[in-house]
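Participant: First the structure, then my questions, so here it is.
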Amino acid sequence: MTTTTAAEPKKSSLKTLAGLFPFLAPYKTQFVLAGLALLVAAGATLAVPYAFRQMIDLGFGGAGSSVHINNSFLALFGVSCVLALSSAARFYTVSWLGERVTADIRNGVYAHVVEQSPQFFETTQSGEVLSRLTTDTTLIQTVVGTSISMGLRNTLLFIGGMGMMFFTSVKLSALILVLLMAVVVPIVLFGRRVRKLSRASQDTIADSSAMAGEILNAMPTVQAFTHEIIEASRFGKAVELSFQTAKQRIQARALLTAIAILLVFGAIVFVLWLGAQAVIQGTMSGGALAQFVLYAALVAGAIGALSEVMGDAQRAAGATERLMELLAVESPIQSPAAPQALPPRVAAGAALTLRDVTFHYPSRPQSPALTHLSLDIAPGQTVAIVGPSGAGKTTLFQLLLRFYDPQQGELLLDGVEVKKLALHTLREAIGIVPQDTIIFSANAIENIRYGRAGASDAEVIAAAKMAAAHEFIERLPEGYQSFLGERGVRLSGGQRQRIAIARALLKNPPLLLLDEATSALDAESERLVQSALEAAMVGRTTLVIAHRLATVQRADRIVVMEHGQIVETGTHATLVAQGGLYASLAALQFGLD
Ligand code: ADP
């Protein structure tokens, strides 16, 4: 399915809109209501020219009485009332559908995207996803909320108007029909070009917002390197490119409009001229010609509207295609169909086993990040992982959380292979304190509650106390209600870590993964973080990427990694005595000789 090359233009353009069906299906009743309103409104519109003819031929033509005149005016007013009500009903139901379906698509796509594995986010920029969620769904909203209804209404008007034209004058209508055929070809040809250009235009907008997103997240770096002007002009170029692409699209569209209107109206004017001749010769009544003119105008309007609708529908087809691509992405990391349960939790924590694990990142098939790694950790043990940068320490954590699956070997949590557990079971059993804690734009209490949604305030505060975070939070301007996120209170590195530890404590997992911060903390923070960590390690198995002497000294075992392999294991004392890699690392890092 995804094997077709991107450059190959897809002929069945509008067919991609069929991808929207699953989103439309739940609203059958609303569709029926909208369809009814549409039918009535189109019928009323088509009745107007007929009522006019009656008025002219019977009323003004002098052939009828004043009763006739009254009746035909009354009928015209009645038709207007029906038209007004049914048009309002059509607008309401159809717009409602547009908004509803767009909201559903936004939710569906977002829910799908947040399920994706890190691999997806390595190759897809968040700005692009954002643009799809906003720009592309808005295009679909136009189609569902307006274009479908406009398309249907104008198709009805076209067919009905044509029928009534034939009813009025077969000769003139046949002539007009032949002329109109000639119009369809250029419209279709041009429609294709518009569609291709509209996809290109959407893509360039997504590119520029992805670029802006990345730069806005890195403002301090940008300014420190005085790259403001460079970045602004880079963005400017991307915007300019999207403008140029959009310009091509609107040019094609403008040309399409001109051609359509010119051909349609040209044909109509010509036929009308013939009609006028017929009236002069007395082979057609004035009322009949008026009726014919009105129907011709309806038909011409319908064709104009339909060509417009085609443009929108083609734009939306491009948008749908991109959204469907996004929805079709399957995360390579899935919960198994029949997940196993973890054995009952033991007080000491979880047991962890790695058997001959070999792994390379999907983007780097040539260089393995871990090779033949085996490790056994008993419940309750604290294992420190030490090694030079790039040794594979973080990768090990990624595999334990099952952000990636190893190509070879297996990881077992409490004797169960992690692949056989539901993803949420596995991840609920693991707490992670990362080097750099993400603080969300919320207050302190909610930021800690991120560890376990649904925890009570008292539980959150208890966790904060254990993590030595309570005191500094209390001292914030509004205590636990203080806003911490973007534009909120600035927290120091040590404070952020204690928030992260409080989250992990609140989660209370049997396995704790700690990535100690490399950045130095002042002595007081260091002491507080250390005591928080000690509290966090009680009653659980802990794996810690260690950067501090205190941590390695306290660990039950130290695992030394290099080039994705375990090169040494032992305690601090034995490893220093061995005089190997650990001894030299320790000398560098902890200043030991
Ligand atoms: P450490 O945490 O010990 O510093 P990592 O586990 O981060 O090391 O990295 C191990 C190896 O994997 C390194 O060579 C690194 O460049 C590579 N690596 C890390 N993350 C990725 C990734 N997302 N994609 C490709 N390669 C990666």
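Participant: Against the conditions (1) of a type in the set (Val, Ile, Thr); (2) crowded, with 19+ Cβ neighbours inside 10 Å; (3) over 30 Å from Ile176 (Cα atoms), where does Thr226 fall short? Just the number, please.
Facilitator: Condition not satisfied by Thr226: (2).
Participant: Output the number of the condition that Gly380 fails; it satisfies all remaining conditions of (1) within 16 Å of the ligand (Cβ to nearest atom); (2) within 30 Å of Leu575 (Cβ to Cβ); (3) assigned to a loop (DSSP other than H, G, I, E, B); (4) not β-branched (Val, Ile, Thr).
Facilitator: (1)
Participant: For Leu375, work out the one condition from (1) within 16 Å of the ligand (Cβ to nearest atom); (2) under 26 Å from the mean Cα position of the chain (by Cα) it doesn't fulfil.
Facilitator: (2)
Participant: Could you grab the pairs with beta carbons closer than 6 Å, sequence gap of 6+ or different chains, first residue in the stretch 168-186 and over 14 Å from Leu262 (Cβ atoms) and modelled with pLDDT of 85 or more, second one open to solvent by 60 Å² or more (accessible area, probe 1.4 Å) and part of a helix (DSSP H, G or I)?
Facilitator: Ser173/Phe166
Participant: Within the stretch 298-309, is there a residue that is in contact (Cβ under 8 Å) with a residue 40 or more places away in the chain, in a helix (DSSP H, G or I), within 16 Å of Leu157 (Cα to Cα) and open to solvent by 60 Å² or more (accessible area, probe 1.4 Å)?
Facilitator: yes
Participant: Could you list all residues from the stretch 397-417 that are more than 12 Å from the ligand (Cβ to nearest atom) and part of a loop (DSSP other than H, G, I, E, B)?
Facilitator: Leu401, Arg402, Asp405, Pro406, Gln407, Asp414, Gly415
Participant: Which of the following residues is touching a residue at least 60 places away in the same chain (Cβ under 8 Å), open to solvent by less than 30 Å² (accessible area, probe 1.4 Å) and more than 29 Å from Asp414 (Cβ to Cβ): Leu543, Leu585?
Facilitator: After applying the criteria, what remains is Leu585.
Participant: Would you say Ala453 is within 33 Å of the chain's Cα centre (by Cα), open to solvent by 80 Å² or more (accessible area, probe 1.4 Å) and of a type in the set (A, V, I, L, M, F, W, C)? Spell out how you get there, then give the answer.
Facilitator: Details: within 33 Å of the chain's Cα centre (by Cα): yes; open to solvent by 80 Å² or more (accessible area, probe 1.4 Å): yes; of a type in the set (A, V, I, L, M, F, W, C): yes.
The answer is yes for Ala453.
Participant: Here is a follow-up. What is the residue count in the stretch 348-365 for residues that are away from the ligand (no atom under 11 Å from the Cβ) and part of a loop (DSSP other than H, G, I, E, B)?
Facilitator: Number of matching residues: 4.
Participant: Within the stretch 411-435, how many residues are in contact with a helix residue (DSSP H, G or I) (Cβ under 8 Å, 6 or more places away or on another chain), more than 22 Å from Gln116 (Cα to Cα) and open to solvent by 10 Å² or more (accessible area, probe 1.4 Å)?
Facilitator: Within the stretch 411-435, residues that are in contact with a helix residue (DSSP H, G or I) (Cβ under 8 Å, 6 or more places away or on another chain), more than 22 Å from Gln116 (Cα to Cα) and open to solvent by 10 Å² or more (accessible area, probe 1.4 Å) number 1.
Participant: Right, here's the next one. Being within 15 Å of the ligand (Cβ to nearest atom) and part of a helix (DSSP H, G or I) narrows it down to one of Thr425, Thr394, so name that one.
Facilitator: Thr394
Participant: Let me ask something else about it. Do you know which residues across the stretch 349-369 are aliphatic (A, V, I, L, M) and touching a Lys or Arg at 6+ places or on another chain (Cβ under 8 Å)?
Facilitator: If the condition is that a residue be aliphatic (A, V, I, L, M) and touching a Lys or Arg at 6+ places or on another chain (Cβ under 8 Å), then Ala350 is the only one that fits.
Participant: Confirm whether Ala347 is farther than 30 Å from Gly127 by Cβ, at pLDDT below 90 and of a type in the set (A, V, I, L, M).
Facilitator: Yes.
Participant: I'm trying to understand the selection: among the residues of the stretch 366-377, which are of a type in the set (Gly, Ala, Ser), assigned to a loop (DSSP other than H, G, I, E, B) and loosely packed, with under 15 Cβ neighbours inside 10 Å?
Facilitator: Once the filter is applied, which keeps residues that are of a type in the set (Gly, Ala, Ser), assigned to a loop (DSSP other than H, G, I, E, B) and loosely packed, with under 15 Cβ neighbours inside 10 Å, the stretch 366-377 yields only Ser367.
The values are calculated or read from the model by the stated rules, or taken from the named source; none is laboratory data. These numbers were taken from a predicted model, which means no experiment stands behind them. Positions of Cβ are backbone-derived with ideal geometry, glycine not excepted, and every protein chain shown enters the neighbour counts. Ligands, DNA and RNA are excluded from the accessible area calculation, which covers all protein heavy atoms including side chains. Shrake-Rupley method; radii C 1.70, N 1.55, O 1.52, S 1.80 Å.
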